[in-house]
Amino acid sequence: MGYDPANPLKDRITDIGPPHYEQFFPPVIKKNYGKWLYHEIVKPGVLKHVAESGDECYTARVACARLISGELMRDYCKIADDHCDGFLRFTTRNNVEFMVDNAAKVQPLLDALAKHGQMPVGGTGAGVTNIVHTQGWVHCHTPATDASGVVKAVMDELFPYFTSMTLPAQVRVALACCLNMCGAVHCSDIAILGVHRKPPMIDHERIGGVCEIPLAIAACPLGAIKPKTEELESGEKVKSVTVNNDKCMFCGNCYTMCPAMPLADPEGDGIAILVGGKISNRRSTPKFSKLVIPFLPNNPPRWPETVAAVKGILEVYAKDAKKYERVGEWAERIGWERFYEKCNIPFSDKSIDDYRLAYDTWRTTTQFKFTSHIK
């Protein structure tokens with residue numbers, strides 16, 4: 001079909017933009033779109049939604065890894081074809097949800113999921129949700145730790161809390177492999193954060209050939225990078241940059257723009273643990289996560305220090321918090337000093353935020369009372 005300037009969109013075939021989302025709705029969702037009255041959790045991992053029309057929709061939530069094989073994907077599709085008229089959906093927390101429109105279809109669906117052996121149902125209510133995480137060493141270019149490997153090790157230990165609802169409230173766990181935080185670690189109940197601890201190195205010989213220096217300078221959120229003329233060993237003078245180490249917060253934004261400024265370091269990189277964030281407005285206002293463990297070493301393949309830290313905090317919370325109390329609400333009720341003591345976490349000088357741009361964090365307040373866990 002030739003191009004018609006008088007009617008440029010006629011018969012035009014394009015892949016610009018995604019297909020309209022409505023074509024992916026199961027029929028019962030499309031019929032009652034925007035007219036759902038309420039939902040309830042029937043059992044761990046199974047939700048029931050009721051519409052104004054009286055229609056019902058039952059959802060089985062299945063934990064899924066962020067990276068999966070084609071074979072597992074085909075298995076998901078087969079179960080969707082067999083039980084859900086070919087429909088399924090992925091959630092932002094890497095769950096797969098299967099929906100049926102009749103209570104009689106729920107148990108056959110759950111039986112099929114259980115028979116497969118790699119499709120655990122859970123992640124609802126007062127339990128641990130599936131961990132949302134970033135790309136880690138597999139794909140990301142600025143990671144301070146892995147993502148999938150750490151998440152696998154942690155969830156292996158927390159799995160009983162995913163398939164049950166025995167905690168005081170929902171616990172959202174997240175992982176970001178650097179502090180640019182593609183993951184939601186700033187507002188999760190328990191957050192695992194990869195941290196660099198050294199400023200970027202500068203390859204003065206390469207930087208002029210592989211980087212747009214103004215972009216590298218502009219990429220720094222703290223203005224720590226300035227242009228500089230550098231003299232090489234050969235005596236040649238080249239355009240390069242210099243980094244103010246006192247300003248640098250080791251985020252890696254500059255490396256995103258300039259591959260001649262790497263900052264990955266096998267010894268210096270590791271993991272920090274943050275606690276108490278949430279986005280929910282229920283019972284209390286949303287909260288940012290707070291740093292409680294400044295550094296744990298990268299120790300693949302099972303990251304035992306990180307797994308022990310997360311599991312330890314979760315188990316103390318499970319035992320000590322009141323019903324419906326999120327992790328941050330529990331810590332604020334008992335006091336953060338008591339949180340450190342109960343979780344047996346040392347309060348070191350690294351826990352005090354003396355960063356000059358961190359005026360408003362809780363760690364700078366004089367109201368924080370030091371605990372017996374000061375190291």
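For segment 174-250, just run the numbers: alpha carbon Rg, then divide by 2.2 N^0.38 Å, N being how many residues it has.
Segment 174-250 yields a ratio of 1.40.
How much net charge surrounds V96 when only other residues with a Cβ under 10 Å from its Cβ are counted (Lys, Arg +1; Asp, Glu -1)?
Numbers: positive: R61, R89; negative: E97.
Neighbourhood net charge equals +1.
Calculate what fraction, in whole %, of the accessible area of segment 62-123 sits on carbon and sulfur atoms when a 1.4 Å probe is rolled over the protein chains.
With neighbouring chains kept in place, the figure for segment 62-123 is 50 percent.
Roughly how many Å is it from the Cα centre of segment 218-283 to that of segment 318-354, as a whole number?
A separation of 31 Å, based on Cα centres.
Which whole number in µm²/s is D for segment 1-119 by Stokes-Einstein, with the Kirkwood Rh taken over Cα pairs at 25 °C and 0.890 mPa s?
Here the translational diffusion coefficient equals 149 µm²/s.
Are there any chymotrypsin sites (Phe, Trp or Tyr not before Pro) in segment 1-101 that are in a DSSP loop and have at most 11 other Cβ atoms within 10 Å? List them by number. Display every interim value, and only then the final one.
Numbers: sites: Y3, Y21, F24, Y33, W36, Y38, Y58, Y76, F87, F90, F98; in loops: Y3, Y33, F87.
Those that pass, being in a loop and sparsely packed, are Y3, Y33.
Which trypsin sites (Lys or Arg not before Pro) in segment 242-331 sit in a loop by DSSP (not H, G, I, E or B) and have at most 13 other Cβ atoms within 10 Å of their own Cβ?
When the trypsin sites (Lys or Arg not before Pro) of segment 242-331 are filtered for loop state and at most 13 Cβ neighbours within 10 Å, R282, R283, K322, K323 remain.
What is the gain in length, in nm to one decimal, between K247 and F90 on full extension, counting 0.36 nm per residue of separation less the C-alpha to C-alpha distance?
Full extension of this stretch gives 52.5 nm more.
What number results when the radius of gyration of the chain, computed over Cα atoms, is divided by 2.2 N^0.38 Å?
That ratio works out to 1.19.
What whole-number volume per residue, in cubic angstrom, does the convex hull of the C-alpha atoms of segment 302-349 give?
Spelled out: Cα convex hull of segment 302-349, divided by residues, is 84 Å³.
How large is ³J(HN,Hα) for each residue in segment 227-238, as worked out from phi by the Karplus curve 6.51 cos²θ - 1.76 cosθ + 1.60 (θ = phi - 60°), to whole Hz, x for Gly and Pro?
x, 7, 8, 10, 9, 6, 4, 6, x, 6, 9, 10
The values are calculated or read from the model by the stated rules, or taken from the named source; none is laboratory data. Because the structure is a prediction, the values reported are computed rather than measured. Ideal geometry is used to build each Cβ from the backbone, glycine not excepted, and the neighbour counts take in all protein chains shown. In case anyone asks, the SASA skips ligands and DNA or RNA and just uses the protein heavy atoms, side chains included. Shrake-Rupley method; radii C 1.70, N 1.55, O 1.52, S 1.80 Å.
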